[in-house]
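The values are calculated or read from the model by the stated rules, or taken from the named source; none is laboratory data. Treat the numbers as computed from the prediction; the structure is a model and nothing was measured. Cβ placement follows ideal geometry from the backbone for every residue including glycine, while neighbour counts extend to all protein chains displayed.
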Amino acid sequence: MALSRAQKVLLYKISALLSLVRWYNIFFLALAQYLAVVFILNEPQNWLALLLNPALHLIVFASLFSVAAGYIINNFYDLEKDLINRPRQTLYEKLLRQSTTLRLYFLFATIGTLLGALVSWRVGLFFAGFNFALWAYSHKLKKVTFLGNLIAALLSITPFFAIFLYYQLEDLLVLTYVSFVLLVIFIREVVKDLEALKGDVIVGYPTLPVKLGVRRTKALVLIFTLLGLAPASAVFYATQYSGISYYLTLGLAGLFLSTGLLILAEKPRDFHYLNYLYRLLIVGGILGLVLFSVEN
């Protein structure tokens with residue numbers, strides 16, 4: 001049965017919205033939160049009881065709606081730059097009017113806060129603060145050299161803290177592992193700035209590549225890659241080179257390989273592909289959470 005014109009327009013707008021909120025990132029965020037709860041914060045054998053806990057799903061969906069709101073408001077403030085760096089995708093996403101996207105932003109941010117409040121007033125306050133931080137980052141903080149990259153990385157893992165706080169995580173080994181993943185996220189944020197250098201220069205964003213130049217920014221990434229040896233070594237020592245250590249060794253090797261390719265990269269297309277490599281490392285880090293059940 002052929003679709004009517006109105007139905008086709010609706011489907012295009014839904015597709016544009018999914019692109020706007022980066023549905024794939026939201027999917028992996030939800031997956032990571034569920035994996036963390038099942039394999040880190042409780043015994044894996046109790047997974048059914050965990051998944052029947054309404055509070056868990058409320059926190060996860062509060063995270064998803066809040067992050068979706070964050071992507072929307074970030075795209076709203078970055079529209080001019082995105083039209084330069086990724087014109088085709090940005091024009092596609094503009095199938096949704098700006099007034100519509102702003103209404104969706106307020107709706108999603110409100111739903112995220114209210115879902116958190118259904119768990120407890122503390123969780124609701126947590127997500128209210130998270131939504132405010134996402135807006136502050138998009139509006140002002142992302143334009144601050146270096147600090148913008150650091151805050152972007154921290155905001156990426158903030159939803160985990162809602163889970164960790166609710167289940168009262170006190171495992172130093174897990175937090176050390178998460179710090180390694182945080183470092184990879186930070187490096188990816190810098191690589192994204194290298195990819196978006198043209199638009200940042202034209203619009204006037206004082207990112208690291210704009211301030212330091214491409215060569216010095218690559219050198220900085222290499223320094224942060226070396227810093228990754230610290231949390232990795234701590235995990236190796238704590239686990240006596242077993243379990244998660246084998247997996248983390250692969251992640252560390254992938255990090256150094258990606259950074260080596262970054263040093264050789266020159267064109268925006270090279271940085272674009274490297275962005276996907278770092279994203280693959282982050283996804284691998286998320287999937288590695290299941291191995292923590294081996295350590296317990």
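Structure above, values below:
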quantity	calculated
From Ala196, Ala219, Ala162, residue being surrounded by 21 or more Cβ atoms within 10 Å (Cβ to Cβ), among the small types (Gly, Ala, Ser) and modelled with pLDDT of 85 or more	Ala196
Helices (runs of 4 or more DSSP H) enclosed by region 27-118 - at least 1 residues per element that are surrounded by 19 or more Cβ atoms within 10 Å (Cβ to Cβ), free of Cβ contacts under 8 Å to residues at least 60 places away in the same chain and at negative phi	54-77, 87-93
Single residue of Phe236, Phe256 found to be over 21 Å from Thr145 (Cα atoms) and crowded, with 17+ Cβ neighbours inside 10 Å	Phe236
Members of region 172-195 found to be over 18 Å from Thr259 (Cα atoms) and either outside any helix (DSSP H, G or I) or not hydroxyl-bearing (Ser, Thr, Tyr) (or both), listed by number	Leu172, Leu173, Val174, Leu175, Val178
Filtered residues of region 142-171 (kept if part of a helix (DSSP H, G or I), under 22 Å from Gly116 (Cβ atoms) and over 16 Å from the mean Cα position of the chain (by Cα))	Phe164, Leu165, Tyr166
Given (1) crowded, with 18+ Cβ neighbours inside 10 Å; (2) more than 22 Å from the chain's Cα centre (by Cα); (3) among the hydroxyl-bearing types (Ser, Thr, Tyr), number of the condition Thr225 does not satisfy	(2)
1 or more residues out of contact with any Ser or Thr (no Cβ under 9 Å at 6 or more places or on another chain), outside the structural domain of Tyr77 (by TED's automatic domain parsing) and touching a residue at least 60 places away in the same chain (Cβ under 8 Å): qualifying helices (runs of 4 or more DSSP H) within region 196-282	197-203, 244-264
Sole exception among (1) at negative phi; (2) more than 19 Å from the chain's Cα centre (by Cα); (3) surrounded by fewer than 18 Cβ atoms within 10 Å (Cβ to Cβ) for Ile244, by number	(3)
